[in-house]
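Before any comments, here is the structure.
The values are calculated or read from the model by the stated rules, or taken from the named source; none is laboratory data. Model, not experiment: these values are computed from the prediction. Here the Cβ positions follow ideal geometry from the backbone for every residue, glycine too, while neighbour counts run over all protein chains shown.
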Amino acid sequence: MEDTKLEKLARLSGKATSKALDALGKHGFDIRGKLSAPISRVPRRVSAKNARLKGDPTSIYNWRRLDDRITTSGQPTEPQLADIHALGVRHIINLGLHTHEKALPNEAASVSRLGVTYIHIPVDFQKHAEAMGSKAIVAQTADELKQALNDARKADRVTVIVVPVDPEKRMPGMGTWWDVPVAEVSGEEKTRKTRETYEKATENQRPVFA
């Protein structure tokens with residue numbers, strides 16, 4: 001079976017810089033628009049594109065199967081690395097930074113103990129954009145983002161605004177709630193009856209002004 005481009009990339013040095021990544025792109029290795037850390041090779045076949053294999057994890061953040069041999073996801077936890085290994089994964093490429101708050105203390109050691117090949121290619125998006133000739137701005141607060149947008153409008157070249165996010169953070173409680181009613185129009189008898197029950201219940205509601 002012929003290796004895919006990503007599998008060839010997996011054997012490259014983990015010390016690739018942003019400029020080196022750009023050079024790889026010129027040779028057909030498009031990793032910027034398709035991948036997130038880490039990428040795993042699964043040596044099995046499935047018939048449907050992007051279909052899940054039996055046993056594919058459902059708890060790993062942003063897990064995606066790109067094809068029958070390549071998967072991509074957000075940062076797994078230590079137990080989830082073992083789950084990935086149990087699937088048959090034997091190669092992991094991590095594009096994340098060790099400084100990220102979700103990074104494991106020593107992912108290289110954790111992966112090695114499982115007998116999995118580990119390659120780390122940290123992608124600093126700010127430096128990567130600058131290496132390609134763009135202006136790069138990191139914005140971590142609402143005020144910084146507003147300023148970055150203003151600066152981008154005045155810039156004389158393409159501007160990349162890097163905004164680190166944490167998908168696990170939520171808005172704090174505000175002491176209110178949303179009233180999301182059942183559909184008012186439906187072809188389903190059960191839904192129509194549920195709507196009638198909802199409307200009767202709202203007759204007892206009292207408006208509260210704070």
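Summary table
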{"read-out": "Enumeration of residues in region 101-144 that are closer than 22 Å to residue 74 by Cβ, in contact with a helix residue (DSSP H, G or I) (Cβ under 7 Å, 6 or more places away or on another chain), in a strand (DSSP E or B) and of a type in the set (Val, Ile, Thr)", "value": "138"}
{"read-out": "Answer residue from region 156-192, given it is at pLDDT 85 or above and under 29 Å from the mean Cα position of the chain (by Cα) and is surrounded by the fewest Cβ atoms within 10 Å (Cβ to Cβ) among those", "value": "157"}
{"read-out": "Long-range neighbours under 9 Å by Cβ, at least six apart or interchain, first residue closer than 10 Å to residue 121 by Cα and without any contact (Cβ under 8 Å) to a residue 60 or more places away in the chain within region 89-105, second of a type in the set (A, V, I, L, M) and outside any loop (DSSP other than H, G, I, E, B)", "value": "94/39; 94/108; 94/111; 94/119"}
{"read-out": "Some residue of region 134-143 being among the polar types (S, T, N, Q), at pLDDT 90 or above and in contact with a His (Cβ under 7 Å, 6 or more places away or on another chain)", "value": "no"}
{"read-out": "So residue 160, is it of a type in the set (Val, Ile, Thr) and assigned to a loop (DSSP other than H, G, I, E, B)", "value": "no"}
